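> Next up is a structure, given as structure tokens.
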Amino acid sequence: MNKIEVNHLTKIFGSHPKQGLKSLKSGEQKADILKKTGMTVGVNQASFSVKAGEIFVIMGLSGSGKSTLIRLVNRLIEPTDGEILIDGEDITKMDKKTLIETRRQKLAMVFQQFGLLPHRTVLTNVAYGLEIQGVDKAEREEKALKSIEDVGLKGYEESLPSQLSGGMQQRVGLARALANDSDILLMDEAFSALDPLIRKEMQDELLHLQNKLGKTILFITHDLDEALKLGDRIAIMKDGQIVQVGTAEEILENPANEYVSNFVKDVDRSKVLEASHVMKKPEVLTTYKDGPRVAVRKMEEAGASSIFVVDKQKNFQGLLTIDDAIKAYKENIPMEDVLINSAVHCADPTTPLNDLIGIAAETKYPIVVVEDGKLLGIISRVSILSGLVLGKEKDEVVSA
């Protein structure tokens, strides 16, 4: 289900926007319209959708139209043309009263500049949105305290903004948005003003909160690494247009044009590729039911010196070496008593490759990719290196 759906959204700044829209629809370019009419095309017929619970990142360089776009989504800026559906309702057609109610109930915004009231404490800043909605004091403070704890600021409720670091102030801004309990968070360059280390901490905090709360997030950034880290999907903008929408992997593997290709060519692929992208299915598996004798035969047929053991439901149990299998057979030892577990590293399918490179270099066994206990695949050192090298070679071919 789409929480946000944007269709042919356009914003033209100037005295005669409808005239500019006509020129735009006839095929004239942004630069030509500016030169001819003096009007600026801020957003050019943008269309995209955001699924419930998704982090959708819109990124582009300065002047690409991304910040204008997010302000159109909640009608802080009035669109020239197009529609904006929030839970299926077109907010471009709402009267002022209905729009205000929709913003209060469904949309919360976090800005680059924290926008905190300097004379208010953390608690009363976070509760401010609820206060203007007329929520009684006890209820709004209860919700504010929960949001403050969610963002890791418990104990700072009575502090003033001037007593907090930049990162902590942004946490207050995030807590204020969460306190309203809106389904949708609109975040405009929310971490751009922070130092690199604090920015990384806030990115990690946002991902942690998203796993916990499952909000729908529209996130604006000019930083490609940030987009790749946070975005379930990414839209890249240029000159007011959306030139490509896709997952990080889709954009890296199949850039839509030369602009996108140049944009992503220096990306560290190890931070983008995940375990699921390079894992492979093990050639053979065995179960406790098979017993050590069958396990030995399977290893001999596959030319392998070890085999992974699963139960009937494909839940990972451990690794069995050929030596231990033979010992278990000869000495009538239960197979589960000779399995190797502690030396085998397990990873989630979404684990970044960058986190596995050091592990793969040190471990003598393949990394096991497991989800909900089930063995999905294995990753060898060769798999990691080939994933990085082949991807780099493809990038070089595209840019050649």
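> Report, by residue number, each residue of region 327-349 that is more than 29 Å from residue 276 (Cα to Cα) and surrounded by fewer than 16 Cβ atoms within 10 Å (Cβ to Cβ).
If the condition is that a residue be more than 29 Å from residue 276 (Cα to Cα) and surrounded by fewer than 16 Cβ atoms within 10 Å (Cβ to Cβ), then 327, 330, 331, 332, 333, 334, 337 are the ones that fit.
> Do you know which of the residues in region 219-250 that are closer than 30 Å to residue 20 by Cβ and of a type in the set (Val, Ile, Thr) is surrounded by the most Cβ atoms within 10 Å (Cβ to Cβ)?
Among those residues, the one meeting the criterion is 236.
> Which ones in region 356-400 are at pLDDT 75 or above and among the charged types (D, E, K, R)?
Once the filter is applied, which keeps residues that are at pLDDT 75 or above and among the charged types (D, E, K, R), region 356-400 yields 362, 364, 371, 372, 374.
> Of the residues that make up region 356-366, is at least one under 18 Å from residue 316 (Cα atoms), β-branched (Val, Ile, Thr), touching a residue at least 24 places away in the same chain (Cβ under 8 Å) and not in a strand (DSSP E or B)?
Within region 356-366 (the criterion being under 18 Å from residue 316 (Cα atoms), β-branched (Val, Ile, Thr), touching a residue at least 24 places away in the same chain (Cβ under 8 Å) and not in a strand (DSSP E or B)), the answer is no, since none of the residues qualifies.
> Is at least one residue of region 181-200 touching a Ser or Thr at 6+ places or on another chain (Cβ under 7 Å), among the basic types (Lys, Arg) and either part of a strand (DSSP E or B) or farther than 20 Å from residue 85 by Cα (or both)?
No, region 181-200 contains no residue that is touching a Ser or Thr at 6+ places or on another chain (Cβ under 7 Å), among the basic types (Lys, Arg) and either part of a strand (DSSP E or B) or farther than 20 Å from residue 85 by Cα (or both).
> Return the only residue of 135, 126, 110 being within 27 Å of residue 157 (Cβ to Cβ), touching a Gly at 6+ places or on another chain (Cβ under 7 Å) and not charged (D, E, K, R).
Numbers: 135 fails: touching a Gly at 6+ places or on another chain (Cβ under 7 Å); 126 fails: touching a Gly at 6+ places or on another chain (Cβ under 7 Å).
Criteria check complete, one pass: 110.
> Pick out the one residue from 296, 284, 245 that is in the same structural domain as residue 49 (by TED's automatic domain parsing) and β-branched (Val, Ile, Thr).
Numbers: 296 fails: in the same structural domain as residue 49 (by TED's automatic domain parsing); 284 fails: in the same structural domain as residue 49 (by TED's automatic domain parsing).
So the residue among 296, 284, 245 that is in the same structural domain as residue 49 (by TED's automatic domain parsing) and β-branched (Val, Ile, Thr) is 245.
> Moving on to the next point. Of all residues in region 132-161, which are in contact (Cβ under 8 Å) with a residue 24 or more places away in the chain and among the acidic types (Asp, Glu)?
Across region 132-161, the qualifying residues are 150, 157, 158.
> Another question, then. Hey, can you tell me all the residues within region 32-46 that are aliphatic (A, V, I, L, M) and closer than 9 Å to residue 239 by Cα?
41, 43
> Does residue 89 meet the test of being closer than 30 Å to residue 22 by Cβ, assigned by TED's automatic domain parsing to the domain that holds residue 66 and touching a His at 6+ places or on another chain (Cβ under 9 Å)?
When the stated conditions are applied, residue 89 does not pass them.
> Condition (residue is buried (at least 17 other Cβ atoms within 10 Å of the Cβ), touching an Asp or Glu at 6+ places or on another chain (Cβ under 8 Å) and of a type in the set (A, V, I, L, M)) applied to region 350-365: is it met by at least one residue?
Yes - at least one qualifying residue is present in region 350-365.
> Something else now. Identify all residues within region 154-192 that are surrounded by fewer than 16 Cβ atoms within 10 Å (Cβ to Cβ) and within 20 Å of residue 67 (Cα to Cα); write none if there are none.
Matches in region 154-192: 192 only.
> Hey, which of the strands (runs of 3 or more DSSP E) in region 223-321, taking only ones fully inside, have at least 1 residues that are modelled with pLDDT of 85 or more, more than 25 Å from residue 348 (Cα to Cα) and not aliphatic (A, V, I, L, M)?
233-238, 241-246
> Something else now. Before we move on, is residue 151 more than 19 Å from the chain's Cα centre (by Cα), more than 20 Å from residue 225 (Cα to Cα) and buried (at least 23 other Cβ atoms within 10 Å of the Cβ)?
For residue 151, the condition - more than 19 Å from the chain's Cα centre (by Cα), more than 20 Å from residue 225 (Cα to Cα) and buried (at least 23 other Cβ atoms within 10 Å of the Cβ) - is not met.
> Residue under question is residue 108, and the condition is that it be small (Gly, Ala, Ser), on the phi < 0 side of the Ramachandran plot and without any contact (Cβ under 8 Å) to a residue 24 or more places away in the chain; does it hold?
no
> Would you mind finding the one in 94, 39, 59 that is under 30 Å from residue 167 (Cα atoms) and assigned by TED's automatic domain parsing to the domain that holds residue 213?
59
> Let me ask something else about it. Can you find a residue in region 137-150 that is in the same structural domain as residue 193 (by TED's automatic domain parsing) and assigned to a loop (DSSP other than H, G, I, E, B)? Show your work before the answer.
Residues of region 137-150 that are in the same structural domain as residue 193 (by TED's automatic domain parsing), as a first pass: 137-150.
Filter again for assigned to a loop (DSSP other than H, G, I, E, B), leaving none.
Checking region 137-150: not a single residue is in the same structural domain as residue 193 (by TED's automatic domain parsing) and assigned to a loop (DSSP other than H, G, I, E, B).
The values are calculated or read from the model by the stated rules, or taken from the named source; none is laboratory data. Everything quoted here is computed from the prediction, not taken from an experiment. We place every Cβ from the backbone using ideal geometry, glycine too, and count neighbours over all the protein chains shown.
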